[in-house]
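Data block below; observations after.
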Amino acid sequence: GAGVSQSPRYKVAKRGQDVALRCDPISGHVSLFWYQQALGQGPEFLTYFQNEAQLDKSGLPSDRFFAERPEGSVSTLKIQRTQQEDSAVYLCASSLRGGDRGRKNIQYFGAGTRLSVL
Amino acid sequence: KQEVTQIPAALSVPEGENLVLNCSFTDSAIYNLQWFRQDPGKGLTSLLLIQSSQREQTSGRLNASLDKSSGRSTLYIAASQPGDSATYLCAVRGTDKLIFGTGTRLQVFP
């Protein structure tokens with residue numbers, strides 16, 4: 001597609017429910033990132049993939065958060081047993097290359113998924 | 001640990017003014033710095049990317065400068081318009097991830 005696509009746009013979950021958020025990066029982009037944005041704050045890094053390899057997951061806040069990109073394109077961020085503090089906008093970004101050359105690339109962001117946990 | 005600060009947090013100006021938004025970062029070992037625009041309920045739109053070896057980038061009415069040694073960047077908006085109203089975020093790239101500031105919320109009124 002022309003840009004990064006995320007679904008669903010909005011998700012309301014009851015506390016304790018599991019959720020799955022999907023990201024379709026720009027076709028051919030090697031690098032994929034997930035960020036979490038709380039209300040009134042800047043996005044914060046969660047995890048990074050280069051193709052199907054998850055190279056950095058240092059930002060995942062707990063073991064309830066899990067991300068995968070099994071075929072090196074579409075990625076899913078899964079949150080188990082959601083808590084109220086998980087309420088945020090989850091942003092996905094992709095960039096063309098990986099590795100050292102990729103660090104010079106622009107990251108293109110999707111519109112995000114707004115998760116509300118009641 | 002890299003920290004990014006943006007001032008002012010909010011700005012309200014009449015149409016036509018020239019604006020300067022500031023971004024500072026604590027660790028000068030960065031690959032690049034990127035300025036984004038975020039409209040309410042929307043994702044981030046990349047405005048300008050300045051590589052660590054560059055001093056500035058321009059796009060239309062926008063000009064961004066980078067002084068890596070002092071840990072500062074400015075985004076200059078010329079002849080502001082109501083359509084420029086949004087939150088502006090700067091982000092630095094140290095390795096792979098971006099580290100963001102908390103943004104400047106800009107309102108331009110007619």
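The values are calculated or read from the model by the stated rules, or taken from the named source; none is laboratory data. Everything quoted here is computed from the prediction, not taken from an experiment. So basically every Cβ, Gly included, is an ideal-geometry build from the backbone, and we count neighbours across all protein chains shown. When the accessible area is computed, the model is the full protein with side chains, heavy atoms only, and any ligands, DNA or RNA have been set aside. Shrake-Rupley method; radii C 1.70, N 1.55, O 1.52, S 1.80 Å.
Straight-line reach from residue B:97: taking Cα to Cα under 28 Å and skipping same-chain neighbours fewer than 8 places apart, the lysines in range are A:11, A:57, A:78, A:104, B:1, B:42, B:68.
Solvent-accessible surface of the stretch B:1-78, averaged per residue with a 1.4 angstrom probe and all protein chains in place: 51 square angstrom.
Suppose a student asked you for the relative contact order of chain A, using Cα pairs under 8 Å spaced at least 6 residues apart; what percent would you report?
For chain A, the relative contact order is 36 percent.
State, in square angstrom and to the nearest 100, the accessible area buried between chains A and B, both chains counted, probe radius 1.4 Å.
Numbers: alone 6730 and 6070 Å², together 10990 Å².
Buried area between the two chains comes out at roughly 1800 Å².
Taking a ≥ b ≥ c as the square roots of the eigenvalues of the Cα gyration tensor, an a/c ratio of 1.5 or more together with a/b larger than b/c marks chain B as prolate.
With a cut-off of 20 Å, note down the residues of the stretch A:80-99 whose backbone N falls inside the zone around a label point 7 Å from the Cα of residue A:14 toward its beta carbon. In the stretch A:80-99, the label zone of residue A:14 (backbone N under 20 Å from the point 7 Å along Cα→Cβ) covers A:80-88.
Once the Cβ-Cβ distance between residue B:95 and residue A:41 is put in as r, and R0 is 22 Å, what FRET efficiency do you end up with, to the nearest 0.05? Using R0 = 22 Å, I get an efficiency of 0.55. Applying 0.36 nm per residue to the separation of residue A:64 and residue A:83 and subtracting their alpha-carbon distance, the gain on full extension is 5.9 nm. Going from the isolated chain to the complete set of protein chains, the stretch A:45-69 loses at least 20 Å² of heavy-atom accessible area (1.4 Å probe) at A:45, A:48. Counting only protein heavy atoms, what percent of the accessible surface of chain B is carbon or sulfur at a 1.4 Å probe? Roughly 48 percent, rounded to a whole number.
Taking 30 Å as R0, compute the FRET efficiency from the Cβ-Cβ separation of residue B:61 and residue B:7 and round it to 0.05. About 0.90, to the nearest 0.05.
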